[in-house]
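What follows is a short report on a single structure.
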Amino acid sequence: MSAENVSLVQGIYRAFGTGDVSAAVAAMSPAIEWNEAENFPYADGNPYVGADAILGGVFARIGGEWDGFAVEPREFLDGGDTVVMTGRYTGTYKSTGRPINAQVAHFWTLADGKVVQFQQLVDTLAVARCTGAA
């Protein structure tokens with residue numbers, strides 16, 4: 001089942017990369033628990049539970065605050081029911097005009113063919129410098 005889990009997670013990144021949010025959300029359990037990294041700007045809503053909370057609390061904010069924000073996956077690690085993506089965040093923070101190229105890791109936990117939990121880890125100092133918080 002783990003190869004299918006890796007494929008499902010890769011599909012989420014492809015869907016978000018092409019703007020197909022509904023396909024990405026379809027891969028998530030209705031009760032998904034989503035956590036942004038501690039000290040990340042969007043961690044204020046942790047844990048986000050369910051797609052509506054994630055869409056409003058994370059993705060709408062990204063769309064409103066960043067130009068060209070992208071996740072660039074570099075590697076997918078197969079841990080069976082957990083898939084880890086390592087990569088980079090890129091984009092420009094609108095209010096400061098500063099670009100970012102930050103290291104990131106995402107931990108996806110799956111059950112019954114759906115994502116049930118997500119945990120982000122990211123270089124929060126790079127994010128704080130980009131957003132003007134540091």
* Structure fact -> Among (1) over 16 Å from Glu36 (Cα atoms); (2) buried (at least 19 other Cβ atoms within 10 Å of the Cβ), His106 falls short only on (1)
* **Qualifying residue in segment 32-52 (condition: of a type in the set (A, V, I, L, M, F, W, C), on the phi < 0 side of the Ramachandran plot and open to solvent by 50 Å² or more (accessible area, probe 1.4 Å))** => yes
* In the set Gly57, Gly19, Gly68, which member is in a strand (DSSP E or B) and within 27 Å of Ala128 (Cα to Cα)? -> Gly68
* Quick one: count up the residues across segment 61-101 that are open to solvent by 60 Å² or more (accessible area, probe 1.4 Å), on the phi < 0 side of the Ramachandran plot and of a type in the set (Gly, Ala, Ser). => 1
* Residue by residue through segment 2-18, note down the ones that are open to solvent by less than 20 Å² (accessible area, probe 1.4 Å) and more than 14 Å from Gly79 (Cα to Cα). => Ile12, Ala15
* To do: Hey, can you tell me all the residues within segment 18-43 that are touching a residue at least 24 places away in the same chain (Cβ under 8 Å) and among the hydrophobic types (A, V, I, L, M, F, W, C)?
  => Val21, Val25, Ala27, Met28, Ala31, Ile32, Trp34, Ala37, Phe40
* To do: Check every one of the strands (runs of 3 or more DSSP E) wholly within segment 80-123 and list those with 2 or more residues that are over 14 Å from Met28 (Cα atoms) and of a type in the set (Gly, Ala, Ser).
  => 82-93, 98-111
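Considering only segment 13-37, state which residues are β-branched (Val, Ile, Thr) and farther than 12 Å from Ile54 by Cβ.
Listed by number, the list holds a single entry, Thr18.
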* Structure fact -> For segment 95-116, the count of residues that are under 12 Å from Phe69 (Cβ atoms) and either touching a helix residue (DSSP H, G or I) at 6+ places or on another chain (Cβ under 6 Å) or touching a residue at least 40 places away in the same chain (Cβ under 8 Å) (or both) equals 2
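The values are calculated or read from the model by the stated rules, or taken from the named source; none is laboratory data. Computed from a predicted model, the values in this text were never measured in an experiment. Cβ atoms come from the backbone with ideal geometry, glycine included; neighbour counts cover every protein chain shown. Each accessible area value is taken on the protein alone, full model and side chains, heavy atoms only, with ligands, DNA and RNA left out. Shrake-Rupley method; radii C 1.70, N 1.55, O 1.52, S 1.80 Å.
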